[in-house]
There are 2 protein chains.
Amino acid sequence: MGRWVPNAQGRLIEAALDLYSERGFEQTTVAEIAQRAGLTERTFFRYFADKREVLFLGSEQFERSIVEGLERAPAALTPLDAVAVALEHTATFFADRRAHARRRYAVIDANPELQERERQKLGALAAALAAALQRRGVKATSARLAAEMGVAAFKIAFENWISQPNESPFERSIRNAFEELKSLT
Amino acid sequence: MGRWVPNAQGRLIEAALDLYSERGFEQTTVAEIAQRAGLTERTFFRYFADKREVLFLGSEQFERSIVEGLERAPAALTPLDAVAVALEHTATFFADRRAHARRRYAVIDANPELQERERQKLGALAAALAAALQRRGVKATSARLAAEMGVAAFKIAFENWISQPNESPFERSIRNAFEELKSLT
């Protein structure tokens, strides 16, 4: 049993992002991450199953909170608007995280294995949103289309948001993406 | 040099699909596929790099033909309608292939590695369509959204189509999906 270290998890995440950015994800070992954070490998494995998990920590919770947002959305909303409202809630999650999100995205974008994990996550999010829409009484095909459209809007909003140098909130990016999406049809 | 065998490639594909369906993709070897087709492993490797490629043969050509369809679409069409027209062309490709498409889909659906390959392919298709839209003068965000929406409609249309027992054409499924998509906004 190691002694308790203040914010060990946060330090490990920062150290990992530093190393992944400097050397690449593949070239970084858990031992190096722990060393950079001034901690032991054993401490690392108390928080993360492997070095990939550092980048995807909290993603189940993230998905769950979006699905809960959809479940709480007013029943009068159209399926697509309900998805939009649920995804707008993620703005709270992203507030003050742009620098972190940008670095994380760059690391993922440079590695096919990580890209695949990200694609899989977004696919799972779309499936969860479609299931939640069906629980609201939306038919299967509409539910799946609305969920896929929402996730596409989210992905593009996110990429636009991290590429912006100013402090415009994520909420604006996601709203713009949904407006754009609607204007396309 | 082996002697020429009539339709060796087609026989290998059929043998592979049979075995993947019966035993699962993981449990099937190239030697077994060749044996089932009455051919040698050497002949197999003349057509395919590995047993996964049997399922994804022609996918670059498939993507290229959709992109060409988009390039030929009338300039007056909206970005989304141009994508719809390009994807409707795939109906020619799918005609008379429902039984094959259904079996292939079931094999892919049962294996995470193959699912990933399929997701990657669809992601590449969306990127290629977005690039083609930008060449038509569509702005980046709209181009990406229209491409992602189109691929989502395609995916859902395809799944609906293979689940139908009757002989309704793929064209109808893809048109329905696009109409549904438009009605959602």
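The values are calculated or read from the model by the stated rules, or taken from the named source; none is laboratory data. Since the model is a prediction, treat every value here as computed from it, not as a measurement. Because the Cβ atoms are built from the backbone with ideal geometry, glycine has one as well, and the counts that use them run over all protein chains shown.
Within region A:23-58, the residues that satisfy the criterion of being of a type outside the set (S, T, N, Q), more than 22 Å from residue A:121 (Cα to Cα) and touching a residue at least 24 places away in the same chain (Cβ under 8 Å) are A:37, A:38, A:39, A:42, A:44, A:46. Screening residue B:170 against (1) surrounded by fewer than 21 Cβ atoms within 10 Å (Cβ to Cβ); (2) more than 13 Å from chain A (Cβ to nearest Cβ); (3) more than 29 Å from residue A:159 (Cα to Cα) leaves a single unmet condition, (1). When each of B:3, B:103 is tested for being assigned by TED's automatic domain parsing to the domain that holds residue B:160 and either at pLDDT below 95 or within 14 Å of the chain's Cα centre (by Cα) (or both), the lone residue that passes is B:103.
For residue A:16, state whether it is closer than 20 Å to residue A:99 by Cα, outside the structural domain of residue A:116 (by TED's automatic domain parsing) and of a type in the set (A, V, I, L, M). Working first, answer last.
Details: closer than 20 Å to residue A:99 by Cα: yes; outside the structural domain of residue A:116 (by TED's automatic domain parsing): yes; of a type in the set (A, V, I, L, M): yes.
The answer is yes for residue A:16.
Against the test of being at pLDDT below 95 and touching a helix residue (DSSP H, G or I) at 6+ places or on another chain (Cβ under 8 Å), the options B:97, B:136, B:119, B:144 yield a single qualifying residue, B:119.
Looking only at region A:129-163, residues that are within 12 Å of another protein chain (Cβ to nearest Cβ), in contact (Cβ under 8 Å) with a residue 40 or more places away in the chain and part of a loop (DSSP other than H, G, I, E, B) come to 1 in all.
Anything in region B:175-185 that is within 12 Å of chain A (Cβ to nearest Cβ) and either free of Cβ contacts under 8 Å to residues at least 24 places away in the same chain or not aromatic (Phe, Trp, Tyr) (or both)? List them, or say none. Of everything in region B:175-185, those that are within 12 Å of chain A (Cβ to nearest Cβ) and either free of Cβ contacts under 8 Å to residues at least 24 places away in the same chain or not aromatic (Phe, Trp, Tyr) (or both) turn out to be B:176, B:177, B:179, B:180, B:181, B:182, B:183, B:184, B:185. Among the residues in region B:112-124, are any under 14 Å from the mean Cα position of the chain (by Cα), closer than 21 Å to residue A:160 by Cα and more than 8 Å from chain A (Cβ to nearest Cβ)? Yes, because at least one residue in region B:112-124 is under 14 Å from the mean Cα position of the chain (by Cα), closer than 21 Å to residue A:160 by Cα and more than 8 Å from chain A (Cβ to nearest Cβ).
Return yes when residue A:117 is basic (Lys, Arg), under 30 Å from residue A:22 (Cβ atoms) and assigned by TED's automatic domain parsing to the domain that holds residue A:64 and no when it is not.
On the way: basic (Lys, Arg): yes; under 30 Å from residue A:22 (Cβ atoms): yes; assigned by TED's automatic domain parsing to the domain that holds residue A:64: yes.
Against the criterion (basic (Lys, Arg), under 30 Å from residue A:22 (Cβ atoms) and assigned by TED's automatic domain parsing to the domain that holds residue A:64), residue A:117 qualifies.
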